[in-house]
Amino acid sequence: MKLATYIKSTGATASAFAARIGVSHVSVVRYQAGRVPAPDVMQRIITETAGAVTADDFFDVPARCDAATPEGEAA
């Protein structure tokens, strides 16, 4: 789930969420716009959202990726 979607779904504001994870309001606005947080902030976001927002959500990684079977190997 995107951070902006999560914040909106909780009825919180970017400022309130920022206070909970210990960053500025401006930082949260930037994260909502696509900036990738530093690893320590990313962990705080994951923790604060109980895993609803993950690092993958900042990189548009699908929820499940099935790796292609290398050529010549049985599936």
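Yes/no per residue for (1) aliphatic (A, V, I, L, M); (2) on the phi > 0 side of the Ramachandran plot:
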site: 9; (1), (2): no, no
site: 26; (1), (2): yes, no
site: 34; (1), (2): no, yes
site: 38; (1), (2): yes, no
site: 43; (1), (2): no, no
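Of the residues making up the range 5-40, those that are part of a helix (DSSP H, G or I) and within 14 Å of residue 55 (Cα to Cα) number 5. Note down all Cβ pairs under 8 Å where the first residue falls in the range 11-35 and is touching a residue at least 24 places away in the same chain (Cβ under 8 Å), the second is open to solvent by 60 Å² or more (accessible area, probe 1.4 Å) and not polar (S, T, N, Q), and they're at least six residues apart or on different chains. That search, which allows pairs on different chains as well, returns 17/48; 20/48; 21/44; 21/48; 32/2. For the range 34-75, residues that are modelled with pLDDT of 95 or more, surrounded by fewer than 10 Cβ atoms within 10 Å (Cβ to Cβ) and touching a helix residue (DSSP H, G or I) at 6+ places or on another chain (Cβ under 9 Å) total 1. Residues of the range 16-33 that are exposed (fewer than 15 other Cβ atoms within 10 Å of the Cβ) and closer than 14 Å to residue 5 by Cβ: 33 alone.
The values are calculated or read from the model by the stated rules, or taken from the named source; none is laboratory data. Predicted, not measured: the structure shown is a model, and the values here were computed from it. For neighbour counting, all protein chains shown are included, and Cβ atoms are generated from backbone atoms with ideal geometry for every residue, glycine included. For the accessible areas, the whole protein counts, side chains as well, though only heavy atoms, and no ligand, DNA or RNA atoms are used. Shrake-Rupley method; radii C 1.70, N 1.55, O 1.52, S 1.80 Å.
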